[in-house]
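Colleague: This is the structure I have questions about; it appears just below.
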Amino acid sequence: MLIKKPKILSKEKFSPLINTLKAKFGLPEKIKFCSSCVYSNQKPLSAKEYNHSKTTKKNIVSFDNENVCDACKNVQLKDKIDWKEREYKLKKLCDKFRSRNGSYDCLVPGSGGKDSIFASHILKNKYNMNPLTITFAPHIYTNWGWKNFISWLNCGFDNYLFSPNKKVQRLLTRLALEKIFHPFQPFMMGQMYFPPKFAVYNNIKLIFYGENPTDYGNKLSTEKPYKDADFFSYNGKKEDIFISGLNYDELRSKFHLSEIDLEPYLPIHETKIKNKIQVHYLGFYLEWHPQECYYYSVKNSNFEPSPERTVGTYSKYSSIDDKMDDLHYFTTFIKFGIGRATYDSSQEVRCGDINREEAIALVKKYDGEYPERFLSELFEYLSVNKDDFKKQYKLFEQPNIDHKYFELLTDTFRSPHIWKWKNNQWKLRSSVF
């Protein structure tokens, strides 16, 4: 298998004069925007990443007849929730699993960001749990991300930091960029699959995550306090699993990766996890507010926001630990027409922090910003050099990535129903502004 260099894309099917437009990724051909926030109906929902290949069709957020997305409808429904009753259920859950001898009784995955600090700190100090924090290391720490990670531990937590083989992670990240334009996917898989495996092997029966996926558009009618096991476990064969858009066997036979190389990115088999752990969302039990989590983390640790605005958005305190974040959100903008400012501002509209008009202005100003600040370092990280990758080097027509290569690759993932080529520039066919 040869990873070929991307070719110059023909712009004919992106003409602004074409009315019949084919949509990639199984997305709706007609684009519409939520009348309450700034989501579009191109926004994908949570997926089982181990099924993700180039031909995968996306499940997207639903809209009602008044063009209100499920994420916004969920806010209205959550206003009716008895949060005292929900907290009572949390206390009962903690009572059931709380250690009597001071040993670890729950696992809190995180990076030392605002959400993981909030979750671990409140579980320990308000609900008298003994959490062990656990981290799957990011691709390349930002200076402020590493500083916040250390501050997290300094406010009273043990942590298990797993740092995967960097050569393997780099190769899988490059392949994920090439095959599915999703450079964050291998990290996401490791981040999602490592905590349940660790919990099972270390006899910790309870895991707490923060926000509930219903906050981002999963239907509230299907809301549960726990995470469905089939998102982090599988019931078939390893040969049926995809990583970086490639089948497990392809990665073994063609890219010379061993079973142990791929282990951190594999879900656990359901027979090893059945009835052994419970994975719960703290956001089911407590009224979750991201900005309040930020204030809480500042008050109860030495958490500091980024010293600079995050590329593609206006915020400084959310998802700031990994230099790959900038590139990740740029790729979502290319594939779905949704950038980081759309995600951030929609969330803040739903939380009542800003109104829709402010959100539209922020999207217009920042969404889709080119991720220049770390790009040279990221290109070096994604390049397959001969010294580090003696076997894999020959499998790439152009092993090194530069700006021209990246721009050509970017264009191959544009969908004609989202993008048009006008006046020698790429423009969105539809926007919220």
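The values are calculated or read from the model by the stated rules, or taken from the named source; none is laboratory data. Predicted model only: the values in this text are computed from it and were never measured. All Cβ positions, glycine included, derive from the backbone under ideal geometry; neighbour counts span all protein chains shown. Only protein heavy atoms, including side chains, enter the accessible area calculation; ligands, DNA and RNA are left aside. Shrake-Rupley method; radii C 1.70, N 1.55, O 1.52, S 1.80 Å.
Colleague: First measure r as the distance between the Cβ atoms of ALA47 and ARG100, then evaluate 1/(1 + (r/R0)^6) with R0 = 41 Å and state the FRET efficiency to the nearest 0.05. It would help to have the intermediate numbers written out before the result.
Modeller: Working: r = 39 Å, r/R0 = 0.96.
Given R0 = 41 Å and the Cβ-Cβ separation, E is 0.55.
Colleague: Next question. Please state, rounded to one decimal and in Å, the Kirkwood hydrodynamic radius that the stretch 152-278 gives when every pair of distinct Cα atoms enters the mean of 1/r. Don't skip to the answer; put the middle values down first.
Modeller: Working: mean 1/r = 0.0617 Å⁻¹.
Taking every pair of different Cα atoms in the stretch 152-278, averaging 1/r and inverting gives 16.2 Å.
Colleague: Sum -39500 (n - 2.57) across every DSSP H segment of at least 4 residues in the chain, then divide by the residue count to get the 222 nm mean residue ellipticity, nearest 500. Spell out each step's value before the answer.
Modeller: On the way: 16 runs with 162 residues, N = 433.
So the helix-based figure for the chain works out to -11000 deg cm²/dmol.
Colleague: Next question, about the same structure. Tell me the GluC sites (Glu not before Pro) within the stretch 281-390 that lie in a loop according to DSSP and have at most 12 other beta-carbon atoms within 10 Å.
Modeller: Values: sites: GLU287, GLU292, GLU308, GLU348, GLU357, GLU358, GLU369, GLU372, GLU377, GLU380; in loops: GLU287, GLU308, GLU369, GLU372.
Counting only loop positions with at most 12 other Cβ atoms within 10 Å, the GluC sites (Glu not before Pro) in the stretch 281-390 are GLU287, GLU308, GLU372.
Colleague: By how many nm would the segment from ASN143 to GLN76 lengthen if fully extended, with 0.36 nm per residue of separation less the alpha-carbon distance? Don't skip to the end; give the middle numbers.
Modeller: Working: separation 67, 0.36 × 67 = 24.12 nm, distance 3.89 nm.
The ASN143-GLN76 span can extend by a further 20.2 nm.
Colleague: Mind checking the full-extension length gain between ARG309 and LYS22? Use 0.36 nm per residue of separation minus the Cα-Cα distance, one decimal, nm. Before the final figure, lay out each step's value.
Modeller: Numbers: separation 287, 0.36 × 287 = 103.32 nm, distance 3.56 nm.
Working it through step by step, the gained length comes to 99.8 nm.
Colleague: Related question: Using only the Cα atoms of the chain, what semi-axes does the equivalent ellipsoid have when each is the square root of 5 times a gyration tensor eigenvalue? Give whole Å, largest first.
Modeller: The three semi-axes for the chain are 34, 28, 21 Å.
Colleague: Okay, next question. Just the number, please: carbon plus sulfur as a percent of the accessible area of the stretch 329-433, 1.4 Å probe, no ligands or DNA/RNA counted.
Modeller: On the way: 2170 of 4810 Å².
Within the stretch 329-433, the accessible surface is 45 percent carbon and sulfur.
Colleague: Between LYS391 and GLN425, what is 0.36 nm times their sequence separation minus the Cα-Cα distance? Round to one decimal in nm.
Modeller: Values: separation 34, 0.36 × 34 = 12.24 nm, distance 3.90 nm.
Full extension of this stretch gives 8.3 nm more.
Colleague: Applying 1/(1 + (r/R0)^6) with R0 = 35 Å to the Cβ-Cβ distance of ASN128 and SER62, what FRET efficiency is obtained, to the nearest 0.05? The partial results should precede the final answer.
Modeller: Working: r = 40 Å, r/R0 = 1.13.
The calculated FRET efficiency here is 0.30.
Colleague: Please work out the average accessible area per residue across the stretch 245-369, using the 1.4 Å probe convention, and give it in Å².
Modeller: Working: 5080 Å² over 125 residues.
Dividing the accessible area of the stretch 245-369 by its residue count gives 41 Å².
Colleague: For VAL38, list long-range residues whose amide hydrogen, built 1.01 Å from N in the peptide plane, is under 5 Å from its own amide hydrogen.
Modeller: SER346
Colleague: Would you work out which of PHE406, SER431, VAL384 lies farthest towards the positive end of the dipole of the stretch 382-433? Charges go on Cβ: Lys and Arg +1, Asp and Glu -1.
Modeller: Value: SER431.
Colleague: Please report, as a whole percent, how much of the solvent-accessible surface of the stretch 85-129 comes from carbon and sulfur atoms (probe radius 1.4 Å). Write out the running numbers ahead of the final one.
Modeller: Working: 950 of 2080 Å².
It is 46 percent, rounded to a whole number.
Colleague: Something else now. Can you give me the accessible area per residue for the stretch 75-170, using a 1.4 Å probe, in Å²? Mind dumping the intermediate values first?
Modeller: Details: 4630 Å² over 96 residues.
I get 48 Å² per residue for the stretch 75-170.
Colleague: So, by mean Cβ neighbours within 10 angstrom, what's the order for 2-11, 414-423 with the highest one leading? It would help to have the intermediate numbers written out before the result.
Modeller: Working: 2-11: 12.6, 414-423: 18.9.
Averaged packing, sorted descending, gives the order 414-423, 2-11.
Colleague: State the percentage of accessible surface on the stretch 161-308 attributable to carbon and sulfur atoms; use a 1.4 Å probe and exclude ligands, DNA and RNA. Each step should come with its number before you reach the end.
Modeller: Values: 3050 of 6170 Å².
Accessible surface attributable to carbon and sulfur in the stretch 161-308 totals 49 percent.
Colleague: Turning to a different aspect of this structure: Compute the Rg/Rh shape ratio of the stretch 81-228: radius of gyration over Kirkwood radius, all on alpha-carbon atoms. Don't jump to the answer; show the numbers that get you there.
Modeller: Details: Rg = 16.8 Å, Rh = 16.9 Å.
Taking Rg over the Kirkwood Rh, I get 0.99.
Colleague: Return the percentage of antiparallel bridges among DSSP beta bridges fully within the chain, rounded to the nearest 5 %. Mind showing how you got there, number by number?
Modeller: Values: 11 of 27 bridges.
About 40 percent, rounded to the nearest 5.
Colleague: Here are some pairs, LYS58/LYS124; LYS11/LYS386; LYS323/LYS365; which of them have Cα atoms lying more than 27 Å apart in this structure?
Modeller: Numbers: LYS58/LYS124 38 Å; LYS11/LYS386 35 Å; LYS323/LYS365 22 Å.
From LYS58/LYS124; LYS11/LYS386; LYS323/LYS365, over 27 Å: LYS58/LYS124; LYS11/LYS386.
Colleague: Antiparallel versus total DSSP beta bridges in the stretch 200-296: what percent is that, nearest 5?
Modeller: Just about 35 percent of them are antiparallel.
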